[in-house]
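The values are calculated or read from the model by the stated rules, or taken from the named source; none is laboratory data. Since the model is a prediction, treat every value here as computed from it, not as a measurement. Quick reminder, even Gly has a Cβ in these numbers, built from the backbone with ideal geometry, and neighbours come from all protein chains shown.
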Amino acid sequence: MNVLANTLKGLYDVSGVEVGQHFYWQIGGFQVHGQVLITSWVVIAILLGSAAIAVRDPQTIPTGGQNFFEYVLEFIRDVSKTQIGEEYGPWVPFIGTLFLFIFVSNWSGALLPWKIIQLPHGELAAPTNDINTTVALALLTSVAYFYAGITKKGLSYFGKYIQPTPILLPINILEDFTKPLSLSFRLFGNILADELVVVVLVSLVPLVVPIPVMFLGLFTSGIQALIFATLAAAYIGESMEGHH
Amino acid sequence: MANMIMASSKALITCSSTILPTPKLKLSPVQLSFPKLPLSNVPKPHQLLSLPNSISVILAASLAMAPPSLAAEIEKAALFDFNLTLPIIAAEFLLLMVALDKIYFTPLGKFMDERDAAIREKLSSVKDTSGEVKQLEAQAAAIMRAARAEISAALNKMKKETQLEVEQKLAEGRKKVEAELQEALASLEKQKEDTIRALDSQIAALSDEIVKKVLPAR
């Protein structure tokens, strides 16, 4: 039995899939997932660096990087405007950062060769691969739409809980919990599943076969980023517009 | 909510560690083959009575014999492991939002809006001058029309005048020529008559001379 367990452990170490393994850091008695922080720093560095380079000296006739970043900004503004309405202006940074951070995180998990860097425990992957990241973003979205509603309508914002009829009060309250829950778990599940499928396929058939799945993964990554940003904008717009 | 998820994750992990000896959620061929161990005992009829006992023994053994390192990893294999990472990521996100707003969204958005405004302004000013251009064009066309009419009128007038003059001169010349012709004809006739008359008077003298010359011997 001991031999069996040992061979099992050896096989665990050989097979590449690691789920729920974390590279723990201790910060003041609290545990932190180091791999998530490292990759999130890389993603933030990519975002800030490319934006700083592209927007350093804007030209009237845009070229190259500036053109691309203008296109991205137009896209984000379009999403925000469609979901929030005419008062979308102040929310563009939030929606845009959500979209860009999630998008670059997802694609970094698929495109950057994180696995080259060995960690003592766990492995580097997309930051959105970790439930902490997605829940953090979802909770920020919740805070954002509460803030939007309360600054727009004051305390009468809470009137929406009994809006069609007071009977729906429990469901309306429940909605405030299901919104961040569904947002975070959708993103987390999609990205984790995508990376797992790719890893499993690569371990089974190393050649050619995983490629379509990888492209599908890139596609779903982009879609998930868009969905997260769009839903966040929709929630904010919903809490601002009111049910009159 | 976090507690709830943590609870569910704990349940999931303990459940998997009792049923399957692969609680790490690691995928390996062993995971497929190992559960067959107890199942392969099922079809044997003479072991039917001792079956639950054997399974429990195997499970207990597999749990007891698991090396401590594996057990430690089982404790750590946490998919839903909430800790300080969450607030740190939230803070990082907020910082990223502020930074991106400072270097990307606000400057580029302002730049794009200003460019839009400038283009719109230029476009509207172009529209205004287009009206002016139309007016000027109409004016130019009117001036051209007037000038053309004037020119054609002057031309017509000049043509008429010159025609009249030419005709007059022609008539004058014809009259003059006719008169001269008449005069010339008249003088010619007169000369002819004179010559005939002179010839008549000379005929007698000539014929006398001819006769004298022909008939010298007279």
Margin query: Go through the stretch A:113-149 and report how many residues are closer than 12 Å to A:K179 by Cα, at the interface with chain B (Cβ under 10 Å from one of its Cβ atoms), among the β-branched types (V, I, T) and in contact (Cβ under 8 Å) with a residue 40 or more places away in the chain.
Written below: 1
Checklist line | the stretch A:168-194 - residue that is among the acidic types (D, E) and away from every other protein chain (no Cβ under 13 Å) and, of those, farthest from the chain's Cα centre (by Cα) | finding: A:E175
Notebook entry, point to check: How many of the residues making up the stretch B:100-136 are modelled with pLDDT under 90, of a type outside the set (D, E, K, R) and within 22 Å of the chain's Cα centre (by Cα)?
Noted result: 6
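One line per residue, one yes/no per condition, for (1) over 22 Å from A:L100 (Cβ atoms); (2) touching a helix residue (DSSP H, G or I) at 6+ places or on another chain (Cβ under 7 Å):
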site: A:G159; (1), (2): yes, no
site: A:T165; (1), (2): yes, no
site: A:T178; (1), (2): yes, no
site: A:G189; (1), (2): no, no
site: A:D194; (1), (2): no, yes
site: A:G217; (1), (2): no, yes
site: A:Q224; (1), (2): no, yes
Item checked: Boolean, A:A225 is buried (at least 16 other Cβ atoms within 10 Å of the Cβ), small (G, A, S) and modelled with pLDDT of 85 or more -> yes
Next item on the list: Exactly one condition in (1) of a type in the set (G, A, S); (2) on the phi > 0 side of the Ramachandran plot; (3) touching a helix residue (DSSP H, G or I) at 6+ places or on another chain (Cβ under 6 Å) is not met by A:A136; state its number.
Entry: (2)
Notebook entry, point to check: In the stretch A:29-44, which residues are within 10 Å of chain B (Cβ to nearest Cβ) and surrounded by fewer than 19 Cβ atoms within 10 Å (Cβ to Cβ)?
Noted result: A:G29, A:F30, A:Q31, A:W41
